[in-house]
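First up is the structure itself, then whatever we jot down about it.
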Amino acid sequence: MTIATKCPVLVTGGAGYIGSHAVLALRDADWPVAVIDDLSTGFAFAVPEEVPFYRGDIADGVLLDQIFTEQGIGHGVGAIMHFAGSVVVPESVENPLRYYDNNTARSRALIEAAVHAGVPHFIFSSTAATYGVPDVEKVAEDTPQQPINPYGWSKLMTERMLADASAAHGFNYGALRYFNVAGADPDGRTGQSTAGATHLIKVACEAAMGKRESVAIFGTDYDTRDGTGVRDYIHVSDLADAHVRTLEALVEQPDRSLTMNCGYGRGFSVREVLDSIDRITGAGIVRREEQRRAGDPARLIADSSRLQETLDWTPRFADLDTIVRHALEWERRLANLREEA
Ligand code: UD1
């Protein structure tokens, strides 16, 4: 697909985990990019030096107006990829108002500024957490959205705002519902750097590096093949590529918005993930069997046919060992980066 004129893209949260991979994917596909990030959880080192970087708040209308009209990244922003937000489910239960502020109110302000500036395309990071605990083998986009925590609600509300604002103001949007994002850039340019992570693959990589003594298995009595929770782990670089292709689709068909699940349509259990780490390191991480974690569904697997059919998207890194190997390679690199700093 050739896009005659590639518009500048503003990436919010571009210094964070998924956003920094999207910046690389956009640059690899020759889209001009700028980043806005407040560095509350992101890292300046994750933004390539040549990319214009604005440190600030996505709800700061004055800063956004400046970015939207800035000549440095082209002739005004033509699309927004919105990653900035908070992602820790238990934290959202303890501090819901913070999530409704960060993920909902600030998104509202960003959408308003985009409408005001006439930005024609908007891509939003949504989540499988908007489905809650779905009672289906594979979750399709029309599976009822019934979040069970403020994190899921805070994202669902933003999906709703986008649908309404797009109808009223004539921009199109992509809402991408991520399943379990993992792995890191295969070339080692960025990865998951957040301290205090709670995600399984990140936690297990930290244990493999000796940063943790053991890994908990939350629940061994689920109705799954080995009793542990099953998830659809998607490589972050395949996900970033899906964003670039969504952008292409939005530009080519400005009257069409897209809501798509992002997963591969297959699942791995907690034990299978830990086995993969052990296979790759040749060592055995210590496993602790614990009670189920509150609110965890037994399995969460995407029906990803819409993504596969709508976009010219072919996953490159769906193999679990590849995902885990890239995550481990980044964990090693991160340890070196921190030693050098
Ligand atoms: C959750 C959200 C997801 C969201 C992500 C963002 C739901 C249903 N899913 O993913 O939408 O994008 O958080 O933060 O709310 N596990 C262990 N030991 C650990 C860590 C995890 O056994 O130390 C297990 C969990 O019980 C689960 C699986 O590993 O079965 C994956 O957990 P995790 O990586 O935390 O992601 P989700 O909770 O699935």
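Among the residues making up the stretch 226-245, those that are under 19 Å from ALA128 (Cα atoms) and more than 10 Å from the ligand (Cβ to nearest atom) are ILE234, HIS235, VAL236, SER237, ASP238, LEU239, ALA240, ASP241, ALA242, HIS243. Of everything in the stretch 116-146 that's within 8 Å of the ligand (Cβ to nearest atom) and part of a loop (DSSP other than H, G, I, E, B), which residue is surrounded by the most Cβ atoms within 10 Å (Cβ to Cβ)? Per the criteria, the residue is GLY132. Scoring ARG293 on the criteria (1) within 11 Å of the ligand (Cβ to nearest atom); (2) under 30 Å from GLU213 (Cβ atoms); (3) modelled with pLDDT of 95 or more leaves a single failure, condition (3). Could you please find all residues in the stretch 1-30 being crowded, with 24+ Cβ neighbours inside 10 Å and assigned to a loop (DSSP other than H, G, I, E, B)? Correct list: GLY13, GLY14, ALA15, GLY16. Against the definition (in contact with a His (Cβ under 9 Å, 6 or more places away or on another chain), open to solvent by 50 Å² or more (accessible area, probe 1.4 Å), more than 10 Å from the ligand (Cβ to nearest atom) and not aliphatic (A, V, I, L, M)), how does PRO186 come out, yes or no? No.
Would you be able to say whether some residue in the stretch 246-263 is assigned to a helix (DSSP H, G or I), over 21 Å from LYS138 (Cα atoms), of a type in the set (Gly, Ala, Ser) and within 16 Å of the ligand (Cβ to nearest atom)? Within the stretch 246-263, not a single residue is assigned to a helix (DSSP H, G or I), over 21 Å from LYS138 (Cα atoms), of a type in the set (Gly, Ala, Ser) and within 16 Å of the ligand (Cβ to nearest atom).
One residue stands out in the stretch 163-180 among those that are within 16 Å of the ligand (Cβ to nearest atom) and open to solvent by less than 30 Å² (accessible area, probe 1.4 Å): the one that is farthest from the chain's Cα centre (by Cα), namely ALA175.
Residue-level analysis places GLY56 among those that are more than 24 Å from ASP185 (Cα to Cα), open to solvent by less than 20 Å² (accessible area, probe 1.4 Å) and at pLDDT 95 or above.
Just one of the listed residues (ARG306, ARG287, ARG293, ARG225) is over 30 Å from ALA168 (Cβ atoms), under 24 Å from the mean Cα position of the chain (by Cα) and open to solvent by 20 Å² or more (accessible area, probe 1.4 Å), and it is ARG293. Go through the stretch 190-225 and give me each residue that's within 10 Å of the ligand (Cβ to nearest atom), over 21 Å from GLY42 (Cβ atoms), assigned to a loop (DSSP other than H, G, I, E, B) and in contact (Cβ under 8 Å) with a residue 24 or more places away in the chain. Hits for the stretch 190-225 are SER214, GLY219, THR220, TYR222, THR224. The number of residues in the stretch 59-83 that are in a loop (DSSP other than H, G, I, E, B) and at pLDDT 95 or above comes to 3.
The values are calculated or read from the model by the stated rules, or taken from the named source; none is laboratory data. Keep in mind that what you see is a predicted model, and the values were worked out from it rather than measured. All Cβ positions, even for glycine, are placed from backbone atoms using ideal geometry, and neighbour counts span all protein chains on display. The accessibility values were calculated without ligands, DNA or RNA, using every heavy atom of the protein model including side chains. Shrake-Rupley method; radii C 1.70, N 1.55, O 1.52, S 1.80 Å.
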